[in-house]
Amino acid sequence: MIPATAHLLVAPVLLPMGTAALMLMLGEGNRRLKAVINTASTLTGLLLAVWLLLRVQADGTAALGVYLPGNWPVPFGIVLVADPLAVFMAVLAGAVGLAALLFALARWQHAGVYFHVLFQLQLMGLYGAFLTGDLFNLFVFFEVLLAASYGLLLHGGGLARVRAGLHYISINLLASLLFLIGVAVIYGVTGTLNMADIAAKIALIAPGDRGLLHAGAAILAVAFLAKAALWPLNFWLPPAYGAASAPSAAVFAILTKVGAYAILRLWTLCFPADAGGASAGFGGPVLVWGGLATLAFGAIGMLASQQLGRLAGYSVIASSGTLIAAIGFDAPALTSGALFYLASSTLAGCALFLLVELIERAREVEEGPEDLDDGNYALPAFLDAEPPKGINLDDNEEALIGRAIPAALAFLGVAFTVCAMVIAGLPPLSGFVSKLSMLQALLDLGSAPAWWLFTLLIGSGLFAAIALMRVGVRHFWTAQDRPAPRLRVVETLPIAALLAAALLLVAQAEAVLGYTRATAEVLHAPRLYIDAVLGTRTVPNPVKGAQP
């Protein structure tokens, strides 16, 4: 990354932080101005993330952009790293954030005073967590995004949100405590918090201290896995996500992926197969079997759910289980498919949470009172006369030909169908492409855990298809004499954009899979990351009086 533009690496973090501070200075009013500022900032953040991805890809997918905000030498100062995985996740966070914000502009921005501020702090935490290169700042950004998520979960008030929010806050505070303990133990053993420096020192740790290192890593992993909704630490997720407002739940669709990202980042860096000694592949079987249990739990939860919001929450759990199990195999081909699946499932999950509110709102439209004339009821038309010949009739003996489907209902039906196909992994959409890539990699592995994941991927897709089909029948196919729902363009646009992005993943599947394959190769060759970070030098201070 050329020096003139290297400072843009920190922009995705500074931009939402500055935007949040500006909106706080505007006070409690000026909501329309805040909405404009929030939208412009979120869009700019997404464009910056896309620019970083294009630069990393243009420089070679193995290229890393490393930035030292305080100009302190590695490993003593803060480090931001734009590698293929980090910018991939940043683009995904920006896309989800922009879609959720546009949806919120229709109604939900008015439900609380500090919605826009909390939203920007949420984006700041997400971008920072993906771009940071040291454990302490990973903890800081985790806490920033979690603190913002507490406010967003309670946004709009209500008993259900408060009850679910207490569980959500409690489990995340406990996970944060474990995070801090794990970081402290690892620092005590290695003497550093820089991820690359920790990975470089793993092989130098004395045998007597290796058990303490593994204990610290295990404590840290529990914190990450609780945030990634690993079974049995995921009891809080369905009620919390189901109770949250639609835009908040849509953003939360990527929060569990932050935990999976942290596991993928640190596990491939510190405990690869060539780490040597007892640290080689440490914790891999736990990730595999824990992910399998989580995937099975999420699939059964989807099948058992009667509420669409809880079903969407269980779909997030199933996707997290798939990712965690795939990470544990330490196979680049499987990681490549899992990264494609991560993008596909996150976009579809975000769209589904937005659709939940519109579909439930459509069902809650009240019917007007019937006009009854003191028992003088007119006979139905089909009893007074013969029905027209050659015309198909519905259950009420009304002609089907020429009957127009309301545009709002048609949009909801098509959007839900596409979303359901992506989540269930049905062809020819992106969910199928990602699962097919993972299934091929699992066939090549051929181990017993690989066959278990192979079976569960197919079985979970079947369960998801049954559950979503049942919901579709209940909401769209059953006879309902309800007025057509009223939708605003600003509510339908982000859903259409998310599903269009999922369709774009299919249209550009070869290019996206090429990027994820190259990203997986970099992840499973951690020396590239270690050398790039540790080889970064500070910028020398200019000498007074020196000629340019």
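Filtering region 417-434 to residues that are part of a helix (DSSP H, G or I), touching a residue at least 12 places away in the same chain (Cβ under 8 Å) and surrounded by fewer than 24 Cβ atoms within 10 Å (Cβ to Cβ) leaves Thr417, Val418, Ala420, Val433. Residues in region 127-145 that are in a helix (DSSP H, G or I), open to solvent by less than 10 Å² (accessible area, probe 1.4 Å) and not hydroxyl-bearing (Ser, Thr, Tyr): Gly128, Ala129, Phe130, Leu131, Leu135, Leu138, Phe142, Leu145.
Scanning region 256-275 for residues that are of a type in the set (Phe, Trp, Tyr) and assigned to a helix (DSSP H, G or I), we see that the one that is surrounded by the most Cβ atoms within 10 Å (Cβ to Cβ) is Tyr261.
Residues in region 77-102 that are assigned to a loop (DSSP other than H, G, I, E, B) and either closer than 16 Å to Asp59 by Cβ or at pLDDT 90 or above (or both): Asp83 alone. Applying the set (1) of a type in the set (Gly, Ala, Ser); (2) within 27 Å of the chain's Cα centre (by Cα); (3) at pLDDT below 90 to Ala501 leaves exactly one unmet item: (3). Just wondering, is there one or more residues in region 83-95 that are farther than 20 Å from Ala253 by Cα, crowded, with 24+ Cβ neighbours inside 10 Å and not small (Gly, Ala, Ser)? Scanning region 83-95, I find at least one residue that is farther than 20 Å from Ala253 by Cα, crowded, with 24+ Cβ neighbours inside 10 Å and not small (Gly, Ala, Ser), so the answer is yes. The residues of region 39-53 that are crowded, with 23+ Cβ neighbours inside 10 Å and either among the aromatic types (Phe, Trp, Tyr) or under 17 Å from the mean Cα position of the chain (by Cα) (or both), listed by number, are Thr42, Gly45, Ala49. If you check Val79, Val66, Val74 for being more than 22 Å from the chain's Cα centre (by Cα), open to solvent by less than 20 Å² (accessible area, probe 1.4 Å) and closer than 27 Å to Phe139 by Cα, only one passes: Val79. Exactly one residue out of Ala278, Ala253 is of a type in the set (Gly, Ala, Ser), in contact with a helix residue (DSSP H, G or I) (Cβ under 7 Å, 6 or more places away or on another chain) and open to solvent by less than 10 Å² (accessible area, probe 1.4 Å), and it is Ala253.
Scanning region 294-312 finds one or more residues that are aromatic (Phe, Trp, Tyr) and modelled with pLDDT of 85 or more. Working only within region 96-124, note down all residues that are of a type in the set (Lys, Arg) and surrounded by 24 or more Cβ atoms within 10 Å (Cβ to Cβ). Answer for region 96-124, where residues must be of a type in the set (Lys, Arg) and surrounded by 24 or more Cβ atoms within 10 Å (Cβ to Cβ): there is none. Just one of the listed residues (Ile186, Ile181, Ile171) is assigned to a helix (DSSP H, G or I), under 23 Å from the mean Cα position of the chain (by Cα) and of a type in the set (Val, Ile, Thr), and it is Ile171.
The values are calculated or read from the model by the stated rules, or taken from the named source; none is laboratory data. Only a predicted model underlies this, so the values are computations on that prediction, with no experimental measurement involved. Don't worry about glycine lacking a Cβ; one is built from the backbone with ideal geometry, like all the others, and counts go over all protein chains shown. Side chains included, ligands, DNA and RNA excluded: accessible areas come from the protein's heavy atoms. Shrake-Rupley method; radii C 1.70, N 1.55, O 1.52, S 1.80 Å.
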